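Novice: Got a structure for you, written out below as structure tokens; questions coming shortly.
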Amino acid sequence: MLRVLRVRNQLLTALHAAPCLHHPFRPYSRDPSTQGSVEETQSSVLGKRWKDTAETVIIGGGCIGVSLAYHLAKAGMKDVVLLEKSELTAGSTWHAAGLTTYFHPGINLKKIHYYSIRLYEDLEEETGQAVGFHTPGSIRIASTPTRVDELKYQMTRGRWHPNPQYLIGPEKVRELFPLLNMDKVLSGLYNPGDGHIDPYSLTMALAAGARKYGAQLYFPASVTNLTPLIDGTWNVETPQGTIRANRIVNATGFWAREVGKLIGFEHPLIPVHHQYVVTATIPEVKALKKELPVLRDLEGSYYLRQERDGLLFGPYEAREKMRLQESWVTEGVPPGFGKELFESDLDRIMEHVEAAMEMVPVLKKADIINIVSGPITYSPDILPMAGPHQGVQNYWVAIGFGYGIVHAGGIGKFLSDWIMGGEPPFDLIELDPNRYGKWTTTHYTALKARESYGFNNIVGYPKEERFGGRPTERVSGIYDVLKTKCSMGFHAGWEQPHWFYKPGDDVGYKPSFRRTNWFEPVRREYYQVMEKVGVIDLTPFGKFTVKGRDAVNFLDHVFANTLPKVGFTNISHMLTPRGRVYAELTVSHLLPGEFLLVTGSGSELHDLRWLEEAAVRNQHNVEIANVTDAVGVLGIAGPHSRDVLQKLTAVDLSDASFKFLQSKKISIAGLPVTAIRISYTGELGWELYHRREDTLKLYNSIMDAGQEHGIDNFGTYAMNALRLEKAFRAWGAEMNCDTNPLEAGLQHFIRLNKPADFIGKQALQRIKKEGLKRKLVCLTMETENVDPEGNESVWYHGKVIGNTTSGTYSYSTSKSLAFAYVPTRLSTVGQKVEVELLGKNYPAIVIQEPLVLTEPTRNRMKKQTGGTNL
Ligand SMILES: Cc1cc2nc3c(=O)[nH]c(=O)nc-3n(C[C@H](O)[C@H](O)[C@H](O)COP(=O)(O)OP(=O)(O)OC[C@H]3O[C@@H](n4cnc5c(N)ncnc54)[C@H](O)[C@@H]3O)c2cc1C
């Protein structure tokens, strides 16, 4: 400790004199040949023919931009140009700690990590450039029972991916990391293929590969202006000349906001200070026979790895202590900032240093020889933004990388496949740049980045909620009335009730891997809807209007369903050219040639971009307007919903006059409303679309009118239980870009024989002909105080054969219920499988869906059987 403090004091004295220090240190590679050659680091513009046109211009020569250049060129794209303002790696890349891991708590981001690591293993052979890749493995340490649960939760989410991962006991942890103080260690998550790479050499190897396959890498060549041209191409201006590009990609790390501003975007990014400390040789480390695995102490919130014969240690401070570089957002990045670092600050990380010394006692005797403090670009939710940007043509981004070294390979491949193939190779909605919008202000971004950094190692519970920066400007007209009565969830900037409190309830957000405080209140809301009538705030839906000369032809081309008749609504899917489900929308044909399209809150701009691009590509004359912020939505559902609404309107709401899936502009309580007879609960109900400023008045009128029927609120958790019992699929869980609509059981919504050549039709015909390899099934199981969430492993005869997609407790049958993908041969009703929940396999059975019939079906069957209740 004393030594650390002494060194710290010496260092602080030195560093105070030089606030922006040029820092010669970068993590080592044991192989001297990985140091970049002179040829690679010097200017590559001089003496080269400047290209005036390019298919793709990538702006930024960090690991991300260079990886994309490598992958595009390798995939055969001609005319790939990368422009770098100073030299390759001169942003965050050169000084990164270089950690690589197969682990990611998300689902498809595991694929990105997997691809990167596999690529890095082979890159030296392919390019002749050593990359200093070490794979001693890694262990995430659990030192509390909750952490053990978390690791078990992650095991079931990880098993259906190809990389090996093991939950190991203390004995094995000690064997792998003999320098550990085992006092608190309960278990570890072991990833044998993890390790670290020299980020500089990695980028140089990717650059060598990119050049080998024909990409041009120019530096110094700073992009100073970007001008969109009428045909969708871009003029990219640099002091060296202008290039006309069919597509541009912003990969400029912590300068990404500045490049975005050239075309009027305020990308929600902010640099944070991240530090790591390197020690001198430690005799006990030197004496080891093999390299130590990378250690991640989740409670201490730091990573630690071997660096030569010493250790490298990187903490994540709590949000109150971490440091944002806000001035770079308000005033811009200082023009001269290149291969510099921030002033280090050991005081800020002292509690993590102490935690590390307790966990790895040899650190107490270690001398610090280096502290690196550099900028990492954070987005509000810490995840990068990768893909085409809505609102402008042919502008792609690959920005906001907090862990760009491990992401570089996979993201380069992902974006290259997307650009070359016209659709994402797999679903990565969590990285969609269009998940943010106007509501993502700089203030919000700063608060969220602070939270995200501080929460780097917090327990990752299912149904996690984070409260930083809330509420945004996106609150519905009843937010103030409801906010103290319920536990709110956050959806694309909106606040939406998850579940409601009653006297005696244990209130608030109490996350758990098991059933928790909302379990019984949700049962109450479930029966409220099944037996009486409930109201839900659905304002967060994304809403678009489509009209114009070609509206019908346009929508017939983008949707796989036939268009609803005027005055009716249906569920329609936008498919990708490969026949995957890009989006699911509710389509209402309000007036001849005028449509209202409704999508989930998380996919508003994601869907809008797809629609806008399809309209441009096909030269359809349509007006697409995003009315999300202008329109409020209330849902009313349950057997008494008709009686309640009928009190407020002169329009006949009887089954004969207002049929299931009919949509009408009517007046409710004197307010203009587009009423659609539809409910995601599967019960009798309406969705009421209205002016957002009318929400409170409409809500109060409905609640007053419903008093005699015992009306009450319900939230999205009850809605989820209701929809799963009815076997309604959810976009983003049961269907996405990884699934085709036939395996997802959506055939009722797909019209392969409709005349229009809709996007994905041919692919789907082929898929149908070839037969399905897997199918979505409904499973029930009896568990102990834990329910499936989605993404758990499904087992059969000792092997993982599939995965759940979402789940719930079924309040009507007192069992757990899940959707799951299983091989077609195991998809028949009655098939027995197992679902792994918190380390235990529970027997599950494929059931005939739905578990509970929908109200329209019950009604129809009642009529067919002459009124007998079923
Ligand atoms: C201390 C520290 C430790 C880290 N450790 C790890 C780790 O262990 N593992 C991990 O995965 N990640 C780690 N990271 C994060 C990682 O460094 C970044 O995520 C990654 O380097 C981002 O790469 P990038 O290509 O997006 O951006 P950058 O590397 O910043 O590259 C952007 C490039 O764009 C160029 N540019 C900017 N503006 C223009 C313009 N107008 N015209 C032309 N060019 C321009 C810049 O000069 C720069 O070279 C660490 C970061 C820090 C600070």
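Novice: Relative contact order for the range 773-870 using alpha-carbon pairs under 8 Å, separation at least 6, rounded to a whole percent?
Specialist: Result for the range 773-870 is 30 percent.
Novice: If I model the range 667-808 as equal point scatterers sitting on the Cα atoms and use the Debye formula, what is log10 I(q)/I(0) at q = 0.08, 0.12, 0.16 Å⁻¹?
Specialist: -0.37, -0.75, -1.02
Novice: Output ³J(HN,Hα) for the range 437-449: one whole-Hz value per residue in order, computed from phi by the Karplus curve 6.51 cos²θ - 1.76 cosθ + 1.60 with θ = phi - 60°, and x for Gly and Pro.
Specialist: With coefficients 6.51, -1.76 and 1.60, one gets x, 4, 5, 7, 6, 5, 4, 4, 4, 5, 5, 6, 5 Hz.
Novice: A follow-up question, please. Ile845 to Asn785: extension gain in nm, 0.36 nm per residue of separation minus the Cα-Cα distance?
Specialist: Length gained between Ile845 and Asn785: 19.7 nm.
Novice: In whole Hz, what ³J(HN,Hα) sequence does the range 235-242 give by Karplus (6.51, -1.76, 1.60; θ = phi - 60°), x for Gly and Pro?
Specialist: 9, 10, 9, 9, x, 7, x, 10
Novice: Grab the alpha carbons of the range 180-323, take their convex hull, and tell me the volume per residue in Å³.
Specialist: Per-residue hull volume (Cα only) is 207 Å³.
Novice: Over the chain, calculate the relative contact order: mean separation of alpha carbon pairs under 8 Å at least 6 apart, over the residue count, as a percent.
Specialist: Relative contact order comes out at 11 percent.
Novice: Here is a follow-up. Compare the Cα positions of Met322, Val57, Asn859 along the charge dipole of the chain (+1 at Cβ of Lys, Arg; -1 at Cβ of Asp, Glu; about the Cα centre) and return the one farthest towards the positive end.
Specialist: Of the candidates, Asn859 comes out farthest on the positive side.
Novice: Can I ask one more? What residues have an amide H closer than 5 Å to that of Tyr842, excluding those fewer than 5 places away on the same chain, when H is modeled at 1.01 Å from N in the peptide plane?
Specialist: Under 5 Å from the amide H of Tyr842 lie the amide H atoms of Val835, Glu836, Leu837, each far enough along the sequence or on another chain.
Novice: Turning to a different aspect of this structure: Could you tell me which residue out of Thr224, Val633, Met204 lies farthest along the dipole of the chain toward its positive end? Charges go on the beta carbon: Lys and Arg +1, Asp and Glu -1, centred on the Cα centre.
Specialist: The Cα lying farthest towards the positive end belongs to Val633.
Novice: What net charge is computed for the residues neighbouring Ala718, neighbours being all others with C-beta under 9 Å from the C-beta of Ala718, Lys and Arg scored +1, Asp and Glu -1?
Specialist: +1
Novice: I would also like to ask the following. Would you kindly state how much longer the chain becomes between Glu121 and Glu531 on full extension, computed as 0.36 nm times their sequence separation minus their alpha carbon distance, in nm to one decimal?
Specialist: 141.6 nm
Novice: Now for a different question. Rank these for me by crowding, Asp550, Asp297, going from fewest to most other beta carbons within 10 Å.
Specialist: Ordered from fewest to most neighbouring Cβ atoms within 10 Å, Asp550, Asp297 come out as Asp550, Asp297.
Novice: Further question on the same structure: How big is the charge dipole of the chain about its Cα centre, in debye rounded to the nearest 20, if each Lys and Arg gets +1 on its Cβ and each Asp and Glu gets -1 on its Cβ?
Specialist: 1620 debye
Novice: What three numbers, in Å, describe the spread of the alpha carbons of the range 773-870 along their principal axes, ordered from the longest?
Specialist: That works out to 49, 32, 18 Å along the principal axes.
Novice: A further question follows. So if each residue of separation counts as 0.36 nm, and I subtract the Cα-Cα distance between Lys261 and Arg549, what length gain in nm does that give?
Specialist: Between Lys261 and Arg549, full extension yields an extra 100.2 nm.
Novice: In terms of modelled amide H atoms, which long-range or inter-chain residues lie less than 5 Å from the amide H of Met735?
Specialist: The answer is Ala730.
Novice: Summing -39500 (n - 2.57) over the DSSP H runs of n ≥ 4 in the chain and dividing by its residue number, what mean residue ellipticity at 222 nm do you reach, to the nearest 500 deg cm²/dmol?
Specialist: Calculated at 222 nm, the ellipticity per residue is -8000 deg cm²/dmol.
Novice: At 7 Å along Cα-to-Cβ for each site, give me the label-to-label distance between Tyr166 and Gln765 in nm.
Specialist: For the pair Tyr166/Gln765, the computed spacing is 5.2 nm.
Novice: Going by how many other beta carbons lie within 10 Å of each one, how would you line up Asp122, Asp738, Asp694, fewest first?
Specialist: Going from least to most buried by this count: Asp122, Asp738, Asp694.
Novice: Right, here's the next one. Please list, or write none, the lysines whose alpha carbon is within less than 24 Å of the alpha carbon of Lys261, excluding same-chain residues fewer than 8 places away.
Specialist: Excluding near neighbours in sequence, the set is Lys85, Lys339, Lys438, Lys448.
Novice: Based on the Cα gyration tensor of the chain, what are the three equivalent ellipsoid semi-axes, each the root of five times an eigenvalue, rounded to whole Å and given largest first?
Specialist: Whole-Å semi-axes of the equivalent ellipsoid: 48, 33, 26.
Novice: Moving on. Just order 700-708, 799-807 by mean Cβ neighbour count inside 10 Å, highest at the front, would you?
Specialist: Averaged packing, sorted descending, gives the order 799-807, 700-708.
Novice: For Lys862, list the lysines whose Cα falls under 24 Å from its own Cα; do not include residues on the same chain fewer than 8 positions away.
Specialist: The reachable lysines, counting only those whose Cα sits under 24 Å from Lys862, are Lys532, Lys659, Lys726.
Novice: Ranked highest first by average number of other Cβ atoms within 10 Å, how do 237-245, 640-648 line up?
Specialist: In descending order of packing, they fall as 640-648, 237-245.
Novice: In addition: Any idea what the relative contact order of the range 219-337 is, in percent, if you count C-alpha pairs under 8 Å spaced at least 6 apart?
Specialist: The value is 19 percent.
Novice: Quick one: net charge around Ala630, please, counting Lys, Arg +1 and Asp, Glu -1 for every other residue with C-beta under 10 Å from its C-beta.
Specialist: +1
Novice: Under 20 Å from the Cα of Lys212, which aspartates and glutamates turn up, not counting those fewer than eight places away in the same chain?
Specialist: Cross-link targets: Glu39, Glu40, Glu55, Asp79, Glu84, Glu87, Glu121, Asp122, Glu124, Glu125, Glu126, Asp417.
Novice: For a quick size check, give me the Cα extents of the range 194-253 along its three principal axes, largest first, whole Å.
Specialist: Here the spans come out as 47, 22, 21 Å, largest first.
Novice: Sort the following peptides by mean Cβ neighbour count (other Cβ atoms within 10 Å, averaged over residues), highest first: 447-458, 510-521.
Specialist: 447-458, 510-521
Novice: Mind sorting Thr472, Thr599, Thr89 by how few other Cβ atoms lie within 10 Å of their own Cβ, fewest first?
Specialist: Arranged by neighbour count, lowest to highest, Thr472, Thr599, Thr89 become Thr472, Thr599, Thr89.
Bear in mind these aren't lab numbers, they're just calculated from the coordinates by the rules spelled out. The shown structure was predicted, so the numbers you read here are calculated from the model rather than taken from an experiment. Please note: Cβ atoms are built from the backbone with ideal geometry, for glycine as well, and neighbour counts cover all protein chains shown.
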